[in-house]
Structures are given as structure tokens and as C-alpha cells.
1. What does the highest-first list of 64-70, 13-19 look like by mean Cβ count within 10 Å?
2. Can you list which of the chymotrypsin sites (Phe, Trp or Tyr not before Pro) found in segment 72-148 are DSSP loop residues with at most 16 other C-beta atoms within 10 Å?
3. Which one of W75, G46, A56 is farthest out on the positive end of the charge dipole of segment 22-94, using unit charges on Cβ (Lys, Arg +1; Asp, Glu -1) and the Cα centre as origin?
4. Starting from 0 in steps of 10 Å, tell me what percent of the Cα-Cα pairs of segment 40-160 lands in each bin.
5. Net charge near T79: determine it from the other residues with C-beta under 10 Å of the C-beta of T79, scoring Lys and Arg +1 and Asp and Glu -1.
6. Assigning unit charges at the beta carbon (Lys, Arg +1; Asp, Glu -1) and nothing else, what dipole magnitude in debye, to the nearest 20, does the chain show about its Cα centre?
7. Output the relative contact order of the chain, whole-number percent, from Cα pairs under 8 angstrom with separation of 6+ residues.
8. May I ask you to list the trypsin sites (Lys or Arg not before Pro) in segment 47-146 that are in a DSSP loop and have at most 10 other Cβ atoms within 10 Å of their Cβ?
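Just so it is clear, none of the values below were taken in a lab; they were calculated from the coordinates. Remember, predicted model here, so these are calculated numbers, not experimental data. Cβ placement follows ideal geometry from the backbone for every residue including glycine, while neighbour counts extend to all protein chains displayed.
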Amino acid sequence: MKANIRPSVISDSVAILALIKELALFEKEPESVKLTESEIKKYGFGTSPLFECLVAEIQNEVIGMALFYPRFSTWKGPTFHLEDLIVSEKHKGKGYGTQLYTAFIRHANRAGVQRIEWNVLDWNATAVRFYENSGAKVLQDWNTVQMDAQGMKNYLTKKK
């Protein structure tokens, strides 16, 4: 069955949050999701959206999403960062992830970005194989670096 892939709307916020929580459970970090439905509405659908999202729906039920945002590469120019590509567990293995992935790449191509990028957990061998088979390069020589809000505060306190 083919999913209906469309840009998300504010009323999808509940489903977006549910998918984020489902992904966190899959990634063994369910307690890490602090984002709320009202924040999704504010940051995704407010006056200055910080992200875009494509959703996959079957019979008017959102079953997957591709959430992404613009970035800028000093080497390549405009890029999109795919934050999460999620398909609900009960709908995995039916091609919906591939449909979302293709729709995201099509959207990025039409937008004229010079690169798309995302992270994949090294233990998620199925996803790594999928991306490699699609022609994406899974970089082995780069590490993801993050600093949370408390880390930023700690750093800035030391720099006063």
C-alpha cells in the first residue's frame, strides 16, 4: 500500500510527538524526550519555524515522518539536516520508510540544496545498510559533538 506523503500541519503535532517518543524507545532512551506538543507547534508551525516535516499517512493516520531543517555548509552551501526518519513499529517493513526517504530527497532536490545529511546509530545495521544501498556515504571519520543546555551554562560560567 502506498502512503500519502505530505507536508505536516499543526494538527499533526500530537502524532509527531508520539513518533519521536517511539523512536526514543527504539533507541533505548525513552526518558530523554523533553519536547512537548506545544513546543512542536511553536517551533514547527509558529511565525519562524525551525523545522519542516513530511508525514506519511495511511487511512488518515500519521504512521511516519521525516523531520528536517536547513543548515549551511561553508564548503557546499545550503543543506538540509534530516533529524529523524521514523516509521511506527507496526508499519515497518512495508516500504513506508523508503517512500518518506524518497520524498525527502525529492523535496531537497527541488529546494536546490547542495547536500543532505543525517546521523545513524552505528548499532542500527539495518538503517546503515539501507542508507549505503541508497548511495549515501556513511562517514566513519567524523564524530557527532553535542552540548546540552546545562553544558552551555557550565561553559559560560567558567568563561566569565
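1. Values: 64-70: 22.4, 13-19: 18.9.
Result, highest mean Cβ count within 10 Å first: 64-70, 13-19.
2. Those that pass, being in a loop and sparsely packed, are W75, W123, W142.
3. W75
4. 11, 35, 35, 15, 4, 0
5. Values: positive: R71, K76, R115; negative: E117.
Value of the local net charge: +2.
6. The dipole of the chain has a size of about 480 debye.
7. Numbers: 192 pairs, mean separation 29.1, N = 160.
Normalised by residue count, the contact order of the chain is 18 percent.
8. On the way: sites: R71, K76, K90, K92, K94, R106, R110, R115, R129, K137; in loops: K76, K92, K94, K137.
Qualifying residues, ordered by number: K137.
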